[in-house]
């Protein structure tokens, strides 16, 4: 599968550089060459080398896809925050007095949310010491992707916590977009 979309950062999130494998199953394949189209079915099987019970592999897949979806959801929320901030910065150029003060305050709120979501300092080799929500979810995604067995209970509980944080950031930016920002952006 394609790698998950992740929030913007000057650093690469190496754990999310690759997408998950497709699950075992039957897939239709179509090849188009000029005016000719060839179709066939491709059947993928689980690796015979895997020694983990099917229930453990199923939980691994569910947890992996949950982390994948959470990274994508976080990327969408972060993009909404960045778009709101950029729109406010455009209005900042022409605003005056109390409107300018409010715009600057809202820009600071958007920047603060983005900094809690994703590392904002670039570092040599991506090592900055900044570990944010993006990096935490990415760490679980990479660890679960790299082991075909049952994920640790701690990983599953951490994803529950991170899901609440993602939802909270989504609610906060939605509230700003509904309540505080509409009168300031044309």
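Below are the figures for this structure:
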read-out	value
Failed item in (1) closer than 13 Å to residue 173 by Cβ; (2) in contact (Cβ under 8 Å) with a residue 60 or more places away in the chain; (3) touching a helix residue (DSSP H, G or I) at 6+ places or on another chain (Cβ under 6 Å), with residue 85 passing the rest	(2)
One residue from 69, 21, 2 being out of contact with any helix residue (DSSP H, G or I) (no Cβ under 7 Å at 6 or more places or on another chain), assigned to a loop (DSSP other than H, G, I, E, B) and at pLDDT 95 or above	2
Filtered residue count, the stretch 135-184, keeping only those that are assigned to a helix (DSSP H, G or I), out of contact with any helix residue (DSSP H, G or I) (no Cβ under 8 Å at 6 or more places or on another chain) and farther than 30 Å from residue 103 by Cα	5
Residue 130 more than 30 Å from residue 53 (Cβ to Cβ) and in a loop (DSSP other than H, G, I, E, B)	yes
Hits in the stretch 47-81 - residues which are farther than 15 Å from residue 145 by Cα and surrounded by fewer than 19 Cβ atoms within 10 Å (Cβ to Cβ)	48, 49, 51, 53, 54, 55, 72, 73, 76, 79, 80
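The values are calculated or read from the model by the stated rules, or taken from the named source; none is laboratory data. Fair warning: this is a prediction, and the values are worked out from it, not measured in the lab. Reconstructed Cβ throughout: ideal geometry from the backbone, glycine too, with neighbour counts over all protein chains shown.
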